[in-house]
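**Q** Below are the structure tokens for one structure; questions will follow.
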Amino acid sequence: AQSVTQLGSHVSVSEGALVLLRCNYSSSVPPYLFWYVQYPNQGLQLLLKYTTGATLVKGINGFEAEFKKSETSFHLTKPSAHMSDAAEYFCAVLNNAGNMLTFGGGTRLMVKP
Amino acid sequence: NAGVTQTPKFQVLKTGQSMTLQCAQDMNHNSMYWYRQDPGMGLRLIYYSASEGTTDKGEVPNGYNVSRLNKREFSLRLESAAPSQTSVYFCASSVGAVGGQETQYFGPGTRLLVL
């Protein structure tokens, strides 16, 4: 079965600093990987996804993630944090049957002025 | 175009009461999903529907039933609510096949408290 581990339930950065949110997955087949963002009192929105092809994936709002098969990782980065990036971020992997997403526990990003 | 809508936004139930959570999408999507979100556990799939008239169990289906009333609507029913069902419930939809590369679009959620 697939699983997703997000290291750090809370991450705090200063405005303008690098954002790095960590995600490691387990999957017995080449994975489809996703990052979703949840702003307060809202549903989830897709930030980016990796299916096949280029391992560096660019998403919305300046975020990107790199699929590293050897490390079973899909970490999310943004060069310069903005106050509006404060939210909860979820990494997810698609199961082998292609009919279910498994989510990590989420990482709450706080951005300090 | 409202996307995915859910009603109610908030609900308080007593143990043993029943209720139905409503979800509708106006994007002509084929697949719909119900998740629950609990602190530190991310989202867990309760049920999904790949098309009108079909439903399948997800990771945590016990205590819930669903109905895919038509292409637009997918409801979640708690027949006898328990405190363990206190959670935030999200409905989602996607264009084509269940899962896969399709992006899932989420509703704003329903906060349920069972006393």
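Read-outs: derived from the displayed coordinates by stated rules, not from any lab. Fair warning: this is a prediction, and the values are worked out from it, not measured in the lab. Glycine also receives a Cβ, built like all others from the backbone with ideal geometry; neighbour counts cover every protein chain displayed.
**Q** Write down the Kirkwood hydrodynamic radius of chain A, to one decimal in angstroms, obtained as one divided by the mean of 1/r over all alpha carbon pairs.
**A** Evaluated over chain A, this radius sits at 14.1 Å.
**Q** I want to verify a result. In a Gaussian network model of chain A, Cα cutoff 10 Å, which of these has the top mean-square fluctuation: A:G16, A:G53, A:G62?
**A** A:G53
**Q** Related question: Please compute, over every Cα-Cα pair in the protein assembly as shown, the percentage with a separation greater than 23 angstrom.
**A** 47 percent
**Q** So what are the ³J(HN,Hα) numbers for region A:88-103, from phi and the Karplus equation (6.51, -1.76, 1.60; θ = phi - 60°), rounded to whole Hz, Gly and Pro as x?
**A** Each residue's phi maps through the Karplus curve to give 9, 10, 10, 9, 9, 10, 7, 6, 4, 6, x, 10, 7, 8, 9, 9 Hz.
**Q** Per residue of region B:7-23, what does 6.51 cos²θ - 1.76 cosθ + 1.60 with θ = phi - 60° give for ³J(HN,Hα)? Whole Hz please, x for Gly and Pro, Karplus curve as stated.
**A** 9, x, 7, 9, 7, 10, 10, 9, 3, x, 6, 10, 6, 10, 9, 9, 9
**Q** Quick one: which residues, 5+ away or cross-chain, put their amide H under 5 Å from the amide H of A:L48? H built at 1.01 Å from N.
**A** Long-range HN contacts for A:L48: A:W35.
**Q** Pick from B:Q17, B:Q37, B:Q104: which is most flexible by mean-square fluctuation in a GNM of chain B where alpha carbon atoms under 10 Å apart are linked?
**A** Highest fluctuation of the listed residues: B:Q17.
**Q** To the nearest 0.05, how large is the calculated FRET efficiency for A:S26 and B:V12 if R₀ is 25 Å and r is the Cβ-Cβ distance?
**A** Between A:S26 and B:V12 the formula returns 0.05.
**Q** Picking from B:P61, B:P39, B:P83, which is most flexible by a Gaussian network model of chain B using Cα springs under 10 Å?
**A** Highest fluctuation of the listed residues: B:P39.
**Q** Throw me the Rg/Rh for region B:1-113, computed over C-alpha atoms with Kirkwood Rh, two decimals.
**A** We get a ratio of 0.94 for region B:1-113.
**Q** Tell me which lysines have Cα within less than 27 Å of B:K14's Cα, excluding those fewer than 8 residues away on the same chain?
**A** Counting by Cα, and skipping residues close in sequence, B:K14 has these lysines nearby: B:K57.
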